[in-house]
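S.K.: This structure is in structure tokens; I'll ask about it shortly.
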Amino acid sequence: MRPCGGCSFVCLDRDATCPHCGAPVEAPHPALVIEGRYRIEKEIGRGGMGIVFRAMDVALERPVAVKLLAKEQLVAAGGTERFLTEARALARVRNDHVAQVYAMGEHDDSFYFAMELVRGDDLQRLVSAHAAQRVRVPLHRALTLVRQIAEGLSAVHAAGLVHRDVKPENVVIEATSGRPVLVDFGLAQSQRTLSAKRREPVRAGTPAYMAPEQARVRPSGEFVTPRTDVYALACMAFELVTGRLPFNDPSVEQLLAKHASAPAPLPSFLDAALAPFDAAFAKALAKSPADRHESVRAFAAELDAAGAVLAAVDPPTSSPPPSIGPQTGVASVLIVDDDPVFRKLATAAVNRAFEGTTVDVQLAGSGEEALVRARVRTPHVVLLDFHMPGLDGFETLSRLRNLRGGYRSQVVVLSASLDEAASCRFRVLGVEEMRQKPISIAGLAEVVRVIAEREGLLPSEALATINLAEPKRAE
């Protein structure tokens, strides 16, 4: 990567001309380092406000995301202010479901901020992938995602901010855990500022998720508040639960008009089995903010209550989250497979991966039994069979992620047949490790060891003693 000589826009090595101004790009320069600390590695996103890079914090030796303000925003009205507002907004929030800001500063006559790097797909990609396979996001997973995103939004609102652009593209599903994380606060503003600017005819947001008062299409004098985010979250939840948006139209003006005046569709119109959700969506998608839920948490709670009416959905537990591992410093691995022979093979693989240290291995012959064990103790690692009678691996993991703390578990899915449709569905549950059966003890031990090392489950003295090779047979 190197800056364009004409406008200083950061270009990729493969760019022959600058994507911003079209000027020829000179030969690559040495790796770009910001403030002598953040070494840029590759571009991972680009938008109207700036460009986001994966970078390495050379001081702390950890990957981060660095967002650079686009050069054109420096001269745009309010561009710099919005960028700095985004950084300050994120810095004031501490929540597992909101990207954390580490630092901010100036670079090359512009501004940047470094934040938590959440590796994974944005929720829109996963929703679209499900639609392409003609399946919905599992109801357990949909409700869990809405609840956790609501937790992040609630922390944002508690900090006196309104996100104003809640949508699946601004939620990243962490690849190794399934943890949903809110990102992109480029439109976030303080409630005080929004109240003072309530009469300005400014549209900000994404039309498919934009509340009537946010689009400024009603002459009612209503202005943006946290209940605006309730409406956007409800649009996203409607899409997750039903597989389609509440309103759609190729014309932006017609789409905004529908949000402003058209009756919100009920989930039962699309699927009679979803009737328990009708009341929650009717309230959250009300045209007047005063008629909506008072908070995103209240909306998520009503959705959970409605989901509990359906036999397939367990209500979330209100008890404290389960413990991690049986005791401090001891890793916990849950093996879930209806085949006792494979459970024995998997146990041998886990013991080999943790050779030289203590590991607690729990065995479950069914999805139901696995959930009983997970409710008592959240496992660090789960080895999960896909095809099982009763609850299959997919439904089992969907319910496990529904438990408090369930996104902490690192999961390896094992199956004799894993097609693209199955892989797509497991990605929305935060699974990137999927292995084909049959698999050797050494092969599975290597997979578990890599996870254990990455998650800090192996003490340094144990790493030197591990031997993953297959034992030699006697001649």
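Bear in mind that the values in this text are calculations on the coordinates, not laboratory data. Quantities reported herein were computed from a predicted structural model and do not represent experimental measurements. Positions of Cβ are backbone-derived with ideal geometry, glycine not excepted, and every protein chain shown enters the neighbour counts.
S.K.: Taking 0.36 nm per intervening residue step and subtracting the Cα-Cα distance, what contour gain separates ALA442 from ALA272 on full extension?
M.R.: Stretched out fully, the ALA442 to ALA272 stretch lengthens by 56.3 nm.
S.K.: Given H placed on each backbone N at 1.01 Å, which residues far from GLN362 in sequence or on other chains put an amide H within less than 5 Å of it?
M.R.: Long-range HN contacts for GLN362: VAL333, LEU334, ILE335.
S.K.: Out of residues 5 or more away from GLY50 or on other chains, whose amide H comes under 5 Å of its own, with H placed 1.01 Å from N in the peptide plane?
M.R.: ALA70
S.K.: A further question follows. On a full-extension model of 0.36 nm per residue, what is the gain between ARG62 and ASP96, subtracting their alpha-carbon distance, rounded to one decimal in nm?
M.R.: 10.4 nm
S.K.: Here's something else I'd like to know. Would you mind computing, in nm to one decimal, how far apart the modelled labels at GLU81 and ALA158 are, each placed 7 Å from Cα along Cα→Cβ?
M.R.: About 2.9 nm, to one decimal.
S.K.: Also, quick follow-up: Is there a pair in LYS71/LYS258; LYS167/LYS437; LYS258/LYS283; LYS67/LYS167 whose C-alpha atoms are over 28 Å apart, and which pairs would that be?
M.R.: Numbers: LYS71/LYS258 36 Å; LYS167/LYS437 37 Å; LYS258/LYS283 16 Å; LYS67/LYS167 20 Å.
As for pairs spanning more than 28 Å Cα to Cα, those are LYS71/LYS258; LYS167/LYS437.
S.K.: In percent, how large is the relative contact order of the range 121-309, given Cα pairs closer than 8 Å and 6 or more residues apart? Walk me through the numbers before you get to the answer.
M.R.: On the way: 296 pairs, mean separation 43.8, N = 189.
23 percent.
S.K.: Based on the mean of other Cβ atoms within 10 Å per residue, sort peptides 392-405, 58-71 so the most packed one is first.
M.R.: So the peptides 392-405, 58-71, ranked by packing, come out 392-405, 58-71.
S.K.: How would you classify the range 31-116 from its alpha-carbon gyration tensor, with a ≥ b ≥ c the square roots of the eigenvalues: rounded for a/c under 1.5, else prolate if a/b is greater than b/c, otherwise oblate?
M.R.: oblate
S.K.: If you average the sequence gap of Cα pairs under 8 Å that are 6 or more apart and divide by the length of the range 31-116, what percent do you get for the contact order?
M.R.: Over the range 31-116, the number comes to 22 percent.
S.K.: Could I have the simple spin-label model distance between ARG244 and ALA308, label points 7 Å from Cα toward Cβ, reported in nm to one decimal?
M.R.: Here the modelled spin labels are 3.1 nm apart.
S.K.: Over the range 56-185, what relative contact order in percent results from Cα pairs under 8 Å that are six or more residues apart?
M.R.: After rounding, I find 28 percent.
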